[in-house]
Every structure is written in C-alpha cells, then in structure tokens.
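A quick write-up on the structure given underneath.
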Amino acid sequence: MDVNDPHLNDPAPNDTALNDTVLRPREVVPTAARGRKKPWFAYGVLALALVAGGVFVAKFLTNALDYYCNVDEVGVKDGCDVGRSIRIQGVVEKGSVAETGSVTNFVVTFNGVSMPVNLSSDPTGLFQECIPVVVTGRVVENTDGSRVFEGEEVLVKHDENYDKENEARVDKANAEADACSART
C-alpha cells in the first residue's frame, strides 16, 4: 500500500456514508453564556430594598414600645424622652383635677417632681385624687419651655405583672398616695 497514492482517500463508489462525512474541524460558535453581564443593577435594588426594610422595621419597633417612666425620669432617663410615646407613673395631686370640655386636666407627682396632664379620654370610674396612676401618651414641650403630658389613657390599677416586676416603684407610689391623702 502506497501512502502517496492519490486514490487512497477516494470514497468507494458504493459507500454513500463516507461521501457525507466531513473530516475538517468545526468552527467554534460563541454561546450565550459567554460575555453575559451580571445583573448588578438588580442586586443593587435588592440590597437597597433590604436595607430600607430593616430600617423601617427597626424604627417601627422602637416607636411601638411604650416605656414606663416615673414623672421624675421624664427628659432624664433614656427612653423617657420628650415627644416619645411613653407611660408615666405618678400620684394625682389633691385639688388638681378639673374638666375643660372633653379634656380632664390634673397634675401627677412622683418623687417630688410634678407634671400637668391633659387627658383626652374619660378617666375610669376609679380615677380620683391621691391615687397612683399610669397615663399613656407623650410629653409635649411648650414654647415657654414648660412641659405638659398629653394623655390618651389613664390606668388606675397596675396589673399583677407590673406589680411584681416594679415592687419598689409601686411601694413608693403607694406611700406618696398615702401622704397625699393625709394632707388636708
């Protein structure tokens, strides 16, 4: 067999399969995956949405909490800030309860510090002078620098969980209420 024979690579006349076979290398065709850019814009929007959602949830949760504060802690203790929704505890001063239209005005005192309260709802039937109360609302600072508590709800009796967790506060408030009642 001669390697240089020009007829050696000729297909057989009856062999059609060999006639259709092409033995040259295929061309490389670029695929769609090559050169595809990453969707950085979509990643950025997703990251921004997650950060905004986290800030929103954190802000909502911190504003949703009502801190219990004694009257003397307003503006002093962390969480008992002016303008924030809080609950203040104090004793209703003797002779301070007055009604102006649908607003009940009174003064609460705790540990020698007093704060006027404007209550926009009707106090419960147990509400009276010289008793410890918890008022829900927010402290508002007037233009002259004085502060008033804009109350939404007054709680006359603490629940048993508050009494257990804050026994010293309750005892102090009861002592102040007894002293208020003893005054004439």
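The values are calculated or read from the model by the stated rules, or taken from the named source; none is laboratory data. This one's a predicted model, so the numbers in the text were calculated from it and none came from an experiment. Here the Cβ positions follow ideal geometry from the backbone for every residue, glycine too, while neighbour counts run over all protein chains shown.
State whether the residues of the stretch 39-46 include one that is modelled with pLDDT under 70, over 21 Å from the mean Cα position of the chain (by Cα) and over 30 Å from GLY151 (Cα atoms).
Initially, the stretch 39-46 is screened for residues modelled with pLDDT under 70, giving none.
So far as the stretch 39-46 goes, no, none of its residues is modelled with pLDDT under 70, over 21 Å from the mean Cα position of the chain (by Cα) and over 30 Å from GLY151 (Cα atoms).
Could you say whether any residue in the stretch 175-182 is surrounded by 15 or more Cβ atoms within 10 Å (Cβ to Cβ), modelled with pLDDT of 85 or more and closer than 16 Å to ILE88 by Cα? So that I can check it myself, show each step before the final result.
First, the residues of the stretch 175-182 that are surrounded by 15 or more Cβ atoms within 10 Å (Cβ to Cβ): 176-177, 180.
Now narrow it down to the ones that are modelled with pLDDT of 85 or more: none.
No - not one qualifying residue is present in the stretch 175-182.
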Matching residues in the stretch 119-153 - criterion: being more than 15 Å from VAL71 (Cβ to Cβ), in contact with a strand residue (DSSP E or B) (Cβ under 8 Å, 6 or more places away or on another chain) and of a type in the set (S, T, N, Q): SER120, SER121, THR124, GLN128, ASN142
Cβ-Cβ under 6 Å pairs, at least 6 apart or on other chains, the stretch 148-165 side farther than 10 Å from ARG87 by Cβ, far side at pLDDT 65 or above and among the charged types (D, E, K, R): GLU150/ARG138
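Just one of PHE106, PHE56, PHE110 is exposed (fewer than 12 other Cβ atoms within 10 Å of the Cβ) and of a type in the set (Phe, Trp, Tyr); which is it?
The unique qualifying residue is PHE56.
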Evaluation of VAL82 against (1) over 31 Å from the mean Cα position of the chain (by Cα); (2) surrounded by fewer than 16 Cβ atoms within 10 Å (Cβ to Cβ); (3) of a type in the set (A, V, I, L, M, F, W, C) (one fails), failing number: (1)
Filtered residues of the stretch 124-143 (kept if surrounded by 16 or more Cβ atoms within 10 Å (Cβ to Cβ) and within 29 Å of the chain's Cα centre (by Cα)): VAL133, VAL134, VAL135, THR136, GLY137, ARG138, VAL139
Residues of the stretch 54-69 satisfying the condition of being in contact with a Lys or Arg (Cβ under 8 Å, 6 or more places away or on another chain) and either hydroxyl-bearing (Ser, Thr, Tyr) or modelled with pLDDT of 65 or more (or both): TYR67, TYR68, CYS69
Any hit, the stretch 122-131, residues being at pLDDT below 85, acidic (Asp, Glu) and farther than 23 Å from VAL170 by Cα: yes
